[in-house]
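Some notes on the structure that comes next.
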Amino acid sequence: EAQVTQNPRYLITVTGKKLTVTCSQNMNHEYMSWYRQDPGLGLRQIYYSMNVEVTDKGDVPEGYKVSRKEKRNFPLILESPSPNQTSLYFCASRPQGTGNTIYFGEGSWLTVV
Amino acid sequence: GQQVMQIPQYQHVQEGEDFTTYCNSSTTLSNIQWYKQRPGGHPVFLIQLVKSGEVKKQKRLTFQFGEAKKNSSLHITATQTTDVGTYFCAGRRGSTLGRLYFGRGTQLTVWP
């Protein structure tokens with residue numbers, strides 16, 4: 001089954017404690033991206049990757065890092081999480097070519113206290 | 001600031017009524033996509049529009065892309081309770097193919 005898998009799905013953590021949200025897709029997609037969703041703000045793009053070893057900033061990259069060492073994985077790293085990073089995070093992927101369907105993961109609820 | 005504006009933020013309709021949500025960009029878009037997110041779910045891709053003035057239909061849903069490629073709309077005819085959710089538009093500019101600018105969404109509630 002074609003899917004985008006995120007882990008963890010739910011996490012409560014403390015300020016400053018580094019964490020990684022993993023994202024993996026089994027569709028051999030070139031493009032992957034991370035979004036955060038906050039009430040009333042819709043989806044905002046954090047980082048995206050057009051292919052392996054190619055990453056770029058989105059609208060709200062501050063406080064986040066990503067890496068794309070292999071095609072299937074695109075982890076989101078919060079080096080020193082702060083409460084304003086409490087949000088619902090979505091990973092997404094699609095094949096190369098902007099006309100292709102984007103597939104979203106189920107989402108990761110992150111709370112930073 | 002918000003690159004793509006979407007209105008209304010909320011819409012409550014009775015089952016059988018029509019529904020429309022609108023998106024507007026200050027800059028020309030290379031294409032626009034529409035997504036639906038059910039409560040508690042993840043966004044699901046509905047459609048992409050690319051051409052100026054393009055109109056596409058999916059059963060009761062009609063999508064339009066403006067002539068200037070700066071605005072778009074989604075119209076649902078005769079809403080059903082299964083249409084409940086938040087509808088997002090997302091636009092892309094030609095110079096930054098990896099960037100996708102989402103509107104804030106329209107949350108649709110349908111009363112039976």
Quiz item: Just a yes or no: is a residue in the range A:40-49 in contact with a strand residue (DSSP E or B) (Cβ under 9 Å, 6 or more places away or on another chain), surrounded by fewer than 18 Cβ atoms within 10 Å (Cβ to Cβ) and touching a residue at least 12 places away in the same chain (Cβ under 8 Å)?
Solution: no
Self-check item: Pairs where the first residue, in the range A:95-113, is within 11 Å of residue B:48 (Cβ to Cβ) and the second is part of a strand (DSSP E or B) and of a type in the set (Phe, Trp, Tyr), C-beta under 7 Å, 6+ apart
Solution: A:101/B:45; A:102/B:45
Self-check item: From B:96, B:81, B:86, B:109, residue being at the interface with chain A (Cβ under 9 Å from one of its Cβ atoms) and over 17 Å from residue B:3 (Cα atoms)
Solution: B:86
Self-check item: In the range B:29-62, the residues that are of a type in the set (S, T, N, Q) and either under 16 Å from residue A:102 (Cβ atoms) or surrounded by 19 or more Cβ atoms within 10 Å (Cβ to Cβ) (or both)
Solution: B:30, B:31, B:33, B:37, B:48
Quiz item: Just checking, how many residues over the range A:22-45 are outside any loop (DSSP other than H, G, I, E, B) and farther than 18 Å from residue A:71 by Cβ?
Solution: 8
Practice problem: Tally the residues that are at pLDDT 95 or above and of a type outside the set (Gly, Ala, Ser), restricting the search to the range B:72-103. | Solution: 14
Quiz item: Residues of the range A:33-60 being facing chain B (nearest Cβ under 10 Å) and among the hydrophobic types (A, V, I, L, M, F, W, C), which ones?
Solution: A:41, A:43, A:50, A:54
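Rundown of residues vs (1) more than 12 Å from chain B (Cβ to nearest Cβ); (2) assigned to a loop (DSSP other than H, G, I, E, B); (3) under 14 Å from the mean Cα position of the chain (by Cα), yes/no style:
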| position | (1), (2), (3) |
| --- | --- |
| A:62 | yes, yes, yes |
| A:70 | yes, yes, no |
| A:77 | yes, no, yes |
| A:80 | yes, yes, no |
| A:84 | yes, no, no |
| A:88 | no, no, yes |
| A:99 | no, yes, no |
| A:106 | no, yes, yes |
Quiz item: How do the strands (runs of 3 or more DSSP E) wholly within the range B:18-112 filter down when requiring 3 or more residues that are free of Cβ contacts under 8 Å to residues at least 40 places away in the same chain: which remain?
Solution: B:44-49, B:55-58, B:61-65
Exercise. Those residues that are among the small types (Gly, Ala, Ser) and facing another protein chain (nearest Cβ under 9 Å), I need them from the range B:41-60; list them, please.
Key: B:41
Self-check item: Qualifying residue in the range B:78-92 (condition: in contact with a His (Cβ under 9 Å, 6 or more places away or on another chain), more than 20 Å from residue B:50 (Cα to Cα) and among the β-branched types (Val, Ile, Thr))
Solution: no
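The values are calculated or read from the model by the stated rules, or taken from the named source; none is laboratory data. This is a predicted model, so every value here is computed, not measured. Cβ atoms come from the backbone with ideal geometry, glycine included; neighbour counts cover every protein chain shown.
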